[in-house]
Amino acid sequence: MKILVINSGSSSLKYQLFDMTTGDVLAKGLCERIGGEVGIITHKRPGFEPYKAEPVLPDHGAALSLVLGIITDKELGVIANIDEIEAVGHRVAHGGEMLKKSSLIGEKELEYLYSIVDINPLHGPPAIKGIEACKKLLPTVPQIGVFDTSYYSTIPEHTYICPLPYEYYEKYKIRRYGFHGTSHRFVTGECAKVMGKPAEELKIITCHMGNGSSITATKYGKAIDTSMGFTPQDGVMMGTRSGAIDPSVLTYIMKAEGISAQEMDDIINRKSGLLGISGVSNDCREIWEAANAGNKRAELAMKMLVGGVKKIVGSYLAEMNGADAIVFTAGIGENDYLVRQLVCEDMDYCGIKIDVEKNAKAPKGTFNDITAPGGKVKIFVIPTDEEYMIAKDTQTIAQNLVN
Ligand code: ADP
């Protein structure tokens, strides 16, 4: 079964074509600058040089049409005909309160996605555009949505309701939703496999740390808490996002600087976090370099990041009465040994002992067990693969449609 996975951004469209009989990625690529004067497409196939071109891509439909042309092209392609694509899986950041699991996107689901654009203004519209383009170009192929939020449908009410007047939940659906769920679900599953036990018997803390970061607690196979909330802005400090902050700071700055809600939103999303503190970059590699050269603000930024993650990990240990494993994943989690070390050190009281040497030597972006001898809580580095998880869900749903 061949499955196309689509991840649409506001001006980009990422794709991966899977052969699910082998699990192989046949081709993957990225269309950028959709809607711009000139677009960019990068198309990769295992064993071949990447193909790059600069076509005009007025909208997501044009980008998808180009992708379908390329993957069936005699020279660049990997399949003979688009009929070989049996289903399309879409990464959708927000499934609201209705779409609690991966689902076939029919009229009702699409209508619902439109209805929650208000609470998901950045990621909602491009996801809808991607789905609509696929429906148009592949009208007989099932379109399946895989929602980042759905992993969190098990979070209890007392954890997801925000402590504001209850009417805001009723009126605007203001609540914590959680994001990155597909990644947390994937690495939690992989962690259970490595531990040789069903997830239903384990308590796992997963740290997805990339440009955007979130930490999730999964108890006996169900997510019970996560650091992101109503938006992906909540929780730990990130590349350019502040993460959780005293809400009164925002109203104070807005008044003091005479800025609008939109401008404040921009500050907490694009100018804060590691970038805002270090003044150097949003990229840990550059911040460490500056810190090592004596830049105090760069050092402060990394201390804040590590301290914030540690606090959340600690709170989940309290919430779950301990943990069987802590998993690090995504750009920072898979590659930055020092961040992992600083998060885990001095936690032996809780049974967490990191093997400092093994961790420092762990090859980047690969599976690693970095637990020190005697550590009660396993510490793993597990590369995430959201696209594969999306393809898997898509396969399951598509097969059920046939049966
Ligand atoms: P996104 O959230 O955009 O998907 P990624 O998961 O790709 O982000 O993570 C990007 C971040 O990962 C970079 O900003 C950088 O801080 C960090 N990172 C990536 N590679 C390395 C590396 N080799 N060493 C340290 N940090 C890295």
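Details
- Protection-proxy order for peptides 118-131, 316-329, each taking the mean of Cβ atoms within 10 Å per residue, highest first: 316-329, 118-131
- Legend: distances between Cα atoms for K310/K353; K100/K173; K28/K100; K28/K108; K2/K44; pairs beyond 19 Å are K28/K100; K28/K108.
- FRET E, pair C162, K100, Förster distance 22 Å, beta-carbon r, rounded to 0.05: 0.70
- Counting only DSSP beta bridges whose two residues both lie in region 324-403, roughly 45 percent are antiparallel.
- Beta-bridge orientation, the chain: approximately 65 percent antiparallel, per DSSP, counting only bridges with both partners inside.
- Principal axes of the chain: Cα extent on each, largest first, Å: 58, 54, 45
- Loop chymotrypsin sites (Phe, Trp or Tyr not before Pro), region 87-166 (other Cβ atoms within 10 Å of the site Cβ: 13 or fewer; DSSP): Y166
- Shape of region 9-126, Cα gyration tensor, a/c cut at 1.5: oblate
- Restricting the trypsin sites (Lys or Arg not before Pro) of region 218-306 to loop positions (DSSP other than H, G, I, E, B) with no more than 13 neighbouring Cβ atoms within 10 Å leaves K271.
- Shape category assigned to region 169-228 from the gyration tensor of Cα positions, a/c cut at 1.5: oblate
- Max mean-square fluctuation residue, GNM over the chain, Cα-Cα springs under 10 Å, options H180, H43, H158: H158
- Look at where the Cα atoms of region 85-101 and of region 118-173 average out, and the two centres are 8 Å apart.
- Helix-derived mean residue ellipticity, 222 nm - over the chain, DSSP H n ≥ 4, -39500 (n - 2.57), to 500: -11500 deg cm²/dmol
- Principal-axis tilt of helix 296-320 within the chain, Cα atoms, nearest 10 degrees: 90
- V249 versus D83: modelled label distance in nm, points set 7 Å from Cα along the beta carbon direction: 5.9
- DSSP finds beta bridges in region 247-403, and of those with both partners inside it, around 45 percent are antiparallel.
- With R₀ fixed at 22 Å, the C-beta to C-beta distance from T396 to E200 puts the FRET efficiency at about 0.75.
- Highest average first, the peptides 224-231, 10-17 ordered by how many other beta carbon atoms sit within 10 Å of their residues are 224-231, 10-17.
- With the cut-off at under 20 Å, measuring from each backbone N in region 256-295 to a point 7 Å along the Cα-to-Cβ line of K311 picks out 268-279.
- Think of a 1.4 Å ball rolled over the protein heavy atoms: region 1-111 then has 48 Å² of accessible area per residue.
- Among G221, G89, G69, residue whose mean-square fluctuation peaks in a GNM of the chain (springs only between Cα atoms under 10 Å): G69
The values are calculated or read from the model by the stated rules, or taken from the named source; none is laboratory data. What you see is a predicted model; the values in this text were computed from it and never measured. Note that we place each Cβ from the backbone using ideal geometry, even for glycine, and neighbour counts take in every protein chain shown. Areas reflect the complete protein model, heavy atoms only, side chains present, ligands, DNA and RNA absent. Shrake-Rupley method; radii C 1.70, N 1.55, O 1.52, S 1.80 Å.
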